[in-house]
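Right, one structure below, let's go through it.
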Amino acid sequence: MPSLLALLLACGGNKNVDTHPTPEPPAAPAPEAAPTVAARVAGGASMAAPSPAYAPRAAGFARRFEEALAQPDANTATSGPSAAFVLGMLAQGATGETAAAYTELFGADAEAVRIDDARALAAYNHTDGVELTVVNGLWPDEGTTLDPGVLSNLEMDYRAKPNTVPLTRDPANAKATIDAWTRGNTNGMIEELFTLDQLDDARLVLANAVAFKGRWQEPFDPAMTAEAAFAAPKGPVQVQMMKKAQLTVPYTTGVGFAAVKLPYSGGTTSMIVVLPDEGKSLADAMDGLAADNLAAMAGARPMQVDLALPRFEIRTEHDLLQHAEALGLQGVLGPGAVYAGYGGLIVGSAIQKVVVAVSEEGTEAAAATGVALKRAALAKPVTFHADRPFLFAIWHEPTGTPLFLGQVVDPS
């Protein structure tokens, strides 16, 4: 018995100390943000160029994103910008440690990211020579209230206007609305973004869609396309190989690889194809790219190339929550990331779908990335079953003393 009082005093004698775990309340909503983008006054941030930091930040993120999601022996396609726009929108509702995680991820705070995202969004949507659209979407559940400052940032800079849907009352209806938006903004290449299960308990959905269609500056002649062997990891396979015997394009070599740049009509976009040297693997080429970083392509000298490129189509789907740690996104997608600007919601699902089709005429590609936010779950209750001998005290709160102390070894 003497040890009981010591135990109680050590563990909870002070009435102001709560020893039971309780969920932390969400942080208070961030104050309404002032419109800090100077170009808004002149009609919008969109017409200015992104900062010099944008290109290396975006390219670096896109590469890390692809490396984390690529599987050694499987076709993979990703869209770093599509994911980055969704993360940028998420960042607008972040405070505290979650906001700090975004700053570490992007090397810039949410405001700087927002300004660059607004300008990049306009640059992508004003690309000559090809069809390129980049669109953001925002669907709050009925009754969900967004912080006014956050809403302003999303509407002004991400061009994402809220479209209220019945996520909890009629999730199938809400899904149909989001699916229609996804199809319409990916030229029908992506039919749906989320399954119904992935929208379970969702209160808010943020999404981005990218649609690209470009003709080669010098299309391949379909008459030259023929069946040829392709050295796949599991053994040679037969593919439809497109060919051009004499094509003058930028060409360069690096440590363990060679690369060509194939321009699309208009000259504003191109496909860079990186080919490992004979006897080298994709991993070897990636190691070489880490050193060269494709910077050499900017000054690559046009050379006459005997080119062979397979016709292909890739369809991939990535669950970003499953790969959050590998992507370096645990701090912004994990359960500890609470979005005060979105009513204290957390990320419940994060998905990216990508389609890329390459033919003799050119390339058609689409990507859709989305996050569904839900309410933070209450902390799982601890188990306390007094089904074995126990101690007890009847405690007097004002004086902090036990009126009675005891133990129960056989309550029968």
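The values are calculated or read from the model by the stated rules, or taken from the named source; none is laboratory data. Quick caveat: nothing in here was measured; it's all calculated off a predicted structure. Cβ coordinates were reconstructed from backbone atoms using ideal geometry, including for glycine residues, and neighbour counts include every protein chain displayed.
If you go through the range 360-373 one residue at a time, do you hit one that is farther than 24 Å from Asn187 by Cβ and either modelled with pLDDT of 75 or more or not basic (Lys, Arg) (or both)?
Pass one, the range 360-373, residues farther than 24 Å from Asn187 by Cβ: 373.
Adding the requirement that they be either modelled with pLDDT of 75 or more or not basic (Lys, Arg) (or both) leaves 373.
Yes, there is a match, as at least one residue in the range 360-373 is farther than 24 Å from Asn187 by Cβ and either modelled with pLDDT of 75 or more or not basic (Lys, Arg) (or both).
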Query raised in the report: Is it the case that the range 248-258 has a residue that's assigned by TED's automatic domain parsing to the domain that holds Val371 and not in a strand (DSSP E or B)?
Result: no
Query raised in the report: Looking at the range 231-260, which of its residues are surrounded by 14 or more Cβ atoms within 10 Å (Cβ to Cβ), under 13 Å from Ala308 (Cα atoms) and not aliphatic (A, V, I, L, M)?
Result: Gln240, Lys243, Lys244
Report summary line: Here, strands (runs of 3 or more DSSP E) confined to the range 122-237 with at least 2 residues that are over 21 Å from the mean Cα position of the chain (by Cα) and farther than 30 Å from Pro50 by Cα are 226-232
Query raised in the report: What number of residues within the range 70-85 are surrounded by fewer than 24 Cβ atoms within 10 Å (Cβ to Cβ) and not in a helix (DSSP H, G or I)?
Result: 9
Query raised in the report: Does Val135 count as touching a residue at least 60 places away in the same chain (Cβ under 8 Å) and not small (Gly, Ala, Ser)?
Result: yes
Report task. Select from the range 70-117 the residues that are within 30 Å of Val237 (Cα to Cα), aliphatic (A, V, I, L, M) and in contact (Cβ under 8 Å) with a residue 40 or more places away in the chain and list them in ascending order. Result -> Ala77
Report task. Taking Leu121 as the residue in question, decide whether it is of a type outside the set (Ser, Thr, Tyr) and over 28 Å from Glu364 (Cα atoms). Result -> no
Query raised in the report: Is it the case that Asp201 is surrounded by fewer than 17 Cβ atoms within 10 Å (Cβ to Cβ) and touching a Leu at 6+ places or on another chain (Cβ under 9 Å)?
Result: yes
Requested in this report: Would you check which residues across the range 86-103 are in a helix (DSSP H, G or I) and either of a type in the set (S, T, N, Q) or more than 19 Å from Leu321 (Cβ to Cβ) (or both) and list them?
Outcome: Gly96, Thr98, Ala99, Ala100, Thr103
